[in-house]
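Okay, so here's the structure we're looking at.
The values are calculated or read from the model by the stated rules, or taken from the named source; none is laboratory data. Not measured: the values here are computed from a predicted model. Positions of Cβ are generated from backbone atoms using ideal geometry, with glycine treated the same way; all protein chains shown enter the neighbour counts.
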Amino acid sequence: MANLRWQAGRACLLVAAVVGLMSVVPVTGRAADGRVENTAELPAGLVAAIGRDLGLDAGEYLRRVDSAQRLSVFAAEMRDRHPGAVRGSWLDGRGTAEVAVQPGDDGARAAVRAAGFTLADAGGEDVGGEDAGGVEPGDISLVAGPVANSFAPQVTGGDRYVVDNGSACSWAFNALDAEGNPAAVTAGHCDAATGQEDRPAGGDRGTHELTSDLKIGAQNGSFEESVMDGVRDYAVVRIADDARDSFRNNLVRTSSGTLPITGVGVPVVGEPVCKSGATTGFTCGVILEVDQPDPQRPPIRFTHTALSLPGDSGGALVSGTLAMGIVSRGGYTDDPTRFPTDKPDAVQTPPLPSPLKEIVRRILAGGSRADFERISPLADTIFRAHPQLTMIAQSMADVVAENPGLQIRTN
């Protein structure tokens, strides 16, 4: 079992160190499943980020996203038609979709070729992202101030919010819950009461806006469901009546605008993903491993190389214009061959030494996002080369499968 924790206080020190270092240094329409096929539809912030972090142009990026999603559908169909034949599927470093098939299964091999995918030798072993390791980040905390009462005109994925104890997290995606109420999804460990046997009812566990002067603002939601069991890490927040207009959108924030979400994707090894978080902004990487214990259900979580730090927890991961995941954990593990099964720590409000308070205020205000985005290509390179440094995301496909009736906003 991978079991190593990155506590919030140590995380803040790491953030401080990073900030200190940075201070010196053709139209085809839309696919039926919601994938964007026209590069002109991609916002400039996304195009800039994939070029900066991944060295991809918009056309190649969309090609890889499309290949990954077609591969996920094909692999699911193959599991029904040829049980036990497929041992793994992924995109390689050049974006080629590969499928590993059990030796001797000629029917499955023929199906792979007919679908236009590349055969990879499974060698009788499970391959292509069955296991990986990771640990969770802490979150940035905020000293409570007087309550304000003015909601932002628009709340999008990647925006900051704070909880009752003053800890800060990020929103992932706006949604409608099973009863049709406006909702939003985020990380389960952002609910400080998650896992407590005597935790208060959902309506008593609130989320709040962060005001422009970095004070805890009016309550804009309450935790309706929070899951943090060592495997899954997500929460559904019901939006307060007087804040609903702010959440009636399908947008995720990029470095220079917003990205409209058009559907929910299934994570595939090698697929490019971009993360929107309130601390490090909009950063991109690739999916390294997926955790899919039941081949008949979507992957529960995945590891990736998009830079994430404390305060990004709960933020959005997207591929193309598809909702892919929720920022969950990140840090160092001594066992990169397994996903962790220990529960992440719920967010807390640790005391900070005086020299760090101004840095934390700057981070909360978003003043360091551009700096973090500039070092994102280096972070992607390091995470690919050193699997002990792990970023883990909760799969949105799993969240939707676990919550019948939950709908991610697509308009």
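The table for this structure:
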quantity	calculated
Failed item in (1) more than 16 Å from Ala278 (Cβ to Cβ); (2) at pLDDT 85 or above; (3) polar (S, T, N, Q), with Thr186 passing the rest	(1)
Failed condition for Arg70, given (1) modelled with pLDDT of 95 or more; (2) touching a Gly at 6+ places or on another chain (Cβ under 8 Å)	(2)
First in the stretch 241-266 and surrounded by fewer than 20 Cβ atoms within 10 Å (Cβ to Cβ) and β-branched (Val, Ile, Thr), second anywhere and modelled with pLDDT of 95 or more and outside any strand (DSSP E or B), Cβ under 7 Å, 6 or more apart	Thr258/Thr156
Answer from Asn249, Asn174 - the residue that is of a type in the set (S, T, N, Q), at pLDDT 95 or above and closer than 25 Å to Val290 by Cα	Asn174
Contacts under 8 angstrom Cβ, first residue in the stretch 327-350 being among the β-branched types (Val, Ile, Thr) and buried (at least 17 other Cβ atoms within 10 Å of the Cβ), partner modelled with pLDDT under 75 and assigned to a strand (DSSP E or B), 6 or more apart	Thr333/Ala2; Val347/Ser141; Thr349/Ser141
Every residue from the stretch 398-407 that is surrounded by fewer than 22 Cβ atoms within 10 Å (Cβ to Cβ) and under 19 Å from the mean Cα position of the chain (by Cα)	Val400, Ala401, Glu402, Asn403, Leu406, Gln407
Every residue from the stretch 34-90 that is under 30 Å from Ala108 (Cβ atoms) and charged (D, E, K, R)	Arg35, Glu37, Glu60, Arg63, Arg64, Asp66, Arg70, Glu77, Arg79, Asp80, Arg81, Arg87
Condition met for Ala49 (buried (at least 17 other Cβ atoms within 10 Å of the Cβ), among the aliphatic types (A, V, I, L, M) and modelled with pLDDT under 95)	no
Restricting the stretch 217-240 to residues that are of a type outside the set (Phe, Trp, Tyr), under 16 Å from the mean Cα position of the chain (by Cα) and assigned to a strand (DSSP E or B), the residue that is surrounded by the fewest Cβ atoms within 10 Å (Cβ to Cβ)	Val227
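Each row is one residue, and each column tells you yes or no for (1) modelled with pLDDT of 90 or more; (2) assigned to a loop (DSSP other than H, G, I, E, B).
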{"position": "Gly314", "(1), (2)": "yes, yes"}
{"position": "Gly331", "(1), (2)": "no, no"}
{"position": "Thr337", "(1), (2)": "no, yes"}
{"position": "Asp345", "(1), (2)": "no, yes"}
{"position": "Thr349", "(1), (2)": "no, yes"}
{"position": "Lys357", "(1), (2)": "no, no"}
{"position": "Ile392", "(1), (2)": "yes, no"}
{"position": "Ala401", "(1), (2)": "yes, no"}
